[in-house]
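Enquirer: Quick one: the structure is below, and I'll ask about it shortly.
Nothing in this text is a laboratory measurement; each read-out follows from the coordinates by a stated rule. Not measured: the values here are computed from a predicted model. Please note: Cβ atoms are built from the backbone with ideal geometry, for glycine as well, and neighbour counts cover all protein chains shown.
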Amino acid sequence: MTLFFYLVIAIITFFAFLHAYAKKSYDLSRTMVINASKDDVFNYVSQLKKQPHWVPWFRRDRDAILKFKGIDGKEGAGFYWRGNNKVGEGTQKIVKLKPKAIVETRLLFVRPIKLNSLTYIGIKEMEPEKSKIVWGVRGFLPFPLTIISIFYSVEKLLGNDLEKGLINLKAILEKRD
């Protein structure tokens, strides 16, 4: 029995050490140039109802339930989603808008794991019909995600999705002529 007790203490200590060692915050973004006006890009990305068309996570469950609330494209607008295990369940709400420049949303994942994140989109005009867009996500990892992130980084988890989303967005906006 004493050996079992020491083994449990050793395992708990090991996980506590890993948790203390692991990076707890993340800030990940991707950038792309889109051949569309700054106004067109902002007007599209600020509409939550447009997200299923370009955000890759929604393509993982075409039958996910989406319920929108508020005036889309305005601060305070939001939506609830519930889908399969690849999409999960949560809410998203626009928390900051700087017209034609910045959109920030608060993401709260409820399932498969509880996680609170901030997404941000920044748009800068390079030329009248060419815009640079930055799409990113930042937040803090709770336990046990801190330990998981040592072996499978947030970069690996979200980086490709941010890239795919911007590629989808570019295709949609450049096709709209």
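Enquirer: Please list, in order, the residues from the range 51-68 whose amide nitrogen is less than 12 Å from a point placed 7 Å along the Cα→Cβ vector of R111.
Expert: Those under the cut-off are 65.
Enquirer: On to the next question. Which residues does a label at A171 reach in the range 49-69, if reach means a backbone N under 19 Å from a point 7 Å past the Cα toward the Cβ?
Expert: Of the residues in the range 49-69, 50-63 have backbone N under 19 Å from the label point off A171.
Enquirer: Moving on to the next point. In percent, what relative contact order does the range 85-161 have, based on Cα pairs under 8 Å that are 6 or more apart in sequence?
Expert: Values: 107 pairs, mean separation 14.8, N = 77.
Computed value for the range 85-161: 19 percent relative contact order.
Enquirer: So which lysines pass the test for K98, namely a Cα distance under 22 Å, with those fewer than 8 places away in the same chain ruled out?
Expert: K38, K49, K50, K69, K74, K124, K130, K132, K170
Enquirer: Follow-up. For the residue pair K50 and K23, what label-to-label distance in nm results when each label sits 7 Å from Cα along the Cα-to-beta-carbon direction?
Expert: 3.1 nm
Enquirer: Return the Cα extents of the range 1-124 along principal axes one, two and three, sorted largest first, each rounded to a whole Å.
Expert: Principal-axis extents of the Cα atoms in the range 1-124, largest first: 68, 32, 25 Å.
Enquirer: Quick one: Cα centre-to-centre distance for the range 109-127 and the range 6-75, in angstrom?
Expert: The distance from the Cα centre of the range 109-127 to that of the range 6-75 comes to 5 Å.
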